[in-house]
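Notes to accompany the following structure.
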Amino acid sequence: MSLTHRFWLVRHALVDAAALSYLYGTNDVPVCASTMAGDAPRYAALAARLPRTARLVCTPLSRTQITARAIIQAGYPAQIPVIDAAFVEQDFGDFQGLPIAGFDARTDGTRHPFWPIHAAETPPGGESFDVMIARVGAGLERLAANATDADTGTDTVIISHGGAIRAACAYAMGLSAHQALCFAIDNISLTRLERQDKGWRILSVNEHLSISTCETASRSSPADGDACMKHPEGAHR
């Protein structure tokens, strides 16, 4: 394993407005095409910011792969991403597909302030956040250990999900699930971790590289806001 390996974690594009009314988790839902168009400056900024020589990883869900294609179309070196299920969103089991309003209505103590369920909760047929931390952590260690190809160097770009990126931070820092879920991880944001022989370092969390034109327009003229509105942290994944 290289003595130092850097991970560049990007949360996928905002999903379509129709998906925001329910808890989708690992369901494969479409992205918001109009917001992606308005966010073109962000994809260009990511394409310029990400390391040119790196392995590109996506999850099996289309929203991460579409985001990767947008970054490539914005100028990042073209390559076929590696599909790795280790970095997929938390599996909410039987809760997936249920109206998000039911989770928003949960009383204090029955959910995390910034997540649909309690940090220690295991959804029926799903996984707890602690299980996801272990899954994501094992994936990071495996990728770092396998980073021997001269074509990918010492960097890996992972297009992932809000929960999985929080889990990566939790693994690197030894945080509890509750603490990890207090991180804000916005769509198209960048989080950077570094694996050294001495241990893990957090280089940045939730970087925003540019302001999208559609967001600027919506702030100046609320009536012209995009139909795919940004959703509150913890409401949807």
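Just the residues that are among the polar types (S, T, N, Q) and either crowded, with 23+ Cβ neighbours inside 10 Å or more than 18 Å from the chain's Cα centre (by Cα) (or both), please, taken from the stretch 34-67.
Let us first name the residues in the stretch 34-67 that are among the polar types (S, T, N, Q), namely 34-35, 53, 59, 62, 64-65, 67.
Ser34, Thr35, Thr53, Thr59, Thr64, Thr67, listed by residue number.
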So which residues in the stretch 1-25 are in contact with a Leu (Cβ under 7 Å, 6 or more places away or on another chain) and surrounded by fewer than 21 Cβ atoms within 10 Å (Cβ to Cβ), if there are any at all?
Tyr22
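Are any of the residues in the stretch 11-26 closer than 16 Å to Ser189 by Cβ and in a helix (DSSP H, G or I)?
Just the residues of the stretch 11-26 that are closer than 16 Å to Ser189 by Cβ, to begin with: 11-15.
Filter once more, keeping what is in a helix (DSSP H, G or I): none.
No, the stretch 11-26 contains no residue that is closer than 16 Å to Ser189 by Cβ and in a helix (DSSP H, G or I).
Please count how many residues of the stretch 27-46 are closer than 12 Å to Leu209 by Cβ and in a helix (DSSP H, G or I).
Pass one, the stretch 27-46, residues closer than 12 Å to Leu209 by Cβ: 39, 41-46.
Those left that are additionally in a helix (DSSP H, G or I): 41-46.
Residues meeting the conditions: 6.
Here is a yes/no grid of residues against (1) polar (S, T, N, Q); (2) at pLDDT 95 or above; (3) more than 16 Å from Tyr22 (Cα to Cα):
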| site | (1), (2), (3) |
| --- | --- |
| Pro99 | no, yes, no |
| Thr110 | yes, no, yes |
| Ile117 | no, yes, no |
| Glu121 | no, yes, yes |
| Phe129 | no, yes, yes |
| Ala134 | no, yes, yes |
| Ala145 | no, no, yes |
| Thr148 | yes, no, yes |
| Asp151 | no, no, yes |
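Per-residue answers, yes or no, for (1) within 13 Å of His178 (Cα to Cα); (2) basic (Lys, Arg); (3) within 21 Å of the chain's Cα centre (by Cα):
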residue: Ile80; (1), (2), (3): no, no, yes
residue: Ala86; (1), (2), (3): no, no, yes
residue: Asp91; (1), (2), (3): no, no, yes
residue: Phe95; (1), (2), (3): no, no, yes
residue: Arg106; (1), (2), (3): no, yes, no
residue: Thr110; (1), (2), (3): yes, no, no
residue: Phe114; (1), (2), (3): yes, no, yes
Which of (1) touching a helix residue (DSSP H, G or I) at 6+ places or on another chain (Cβ under 8 Å); (2) closer than 21 Å to Arg69 by Cα does Ala33 not meet, given it meets every other one?
(1)
When residues of the stretch 67-109 are filtered for being in a loop (DSSP other than H, G, I, E, B), aliphatic (A, V, I, L, M) and more than 21 Å from His12 (Cβ to Cβ), how many remain?
2
From (1) touching a residue at least 40 places away in the same chain (Cβ under 8 Å); (2) farther than 30 Å from Gly97 by Cβ; (3) surrounded by fewer than 18 Cβ atoms within 10 Å (Cβ to Cβ); (4) more than 17 Å from the chain's Cα centre (by Cα), pick out the condition that doesn't hold for Leu203.
(4)
Please enumerate the residues belonging to the stretch 68-102 that are within 14 Å of Ala44 (Cα to Cα), surrounded by 18 or more Cβ atoms within 10 Å (Cβ to Cβ) and among the β-branched types (Val, Ile, Thr).
Ile71
Checklist (1) surrounded by fewer than 20 Cβ atoms within 10 Å (Cβ to Cβ); (2) modelled with pLDDT of 90 or more; (3) not hydrophobic (A, V, I, L, M, F, W, C) applied to Pro232, failing item
(2)
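The values are calculated or read from the model by the stated rules, or taken from the named source; none is laboratory data. The structure presented is a predicted model; accordingly, all values stated were derived computationally and were not measured. Cβ coordinates were reconstructed from backbone atoms using ideal geometry, including for glycine residues, and neighbour counts include every protein chain displayed.
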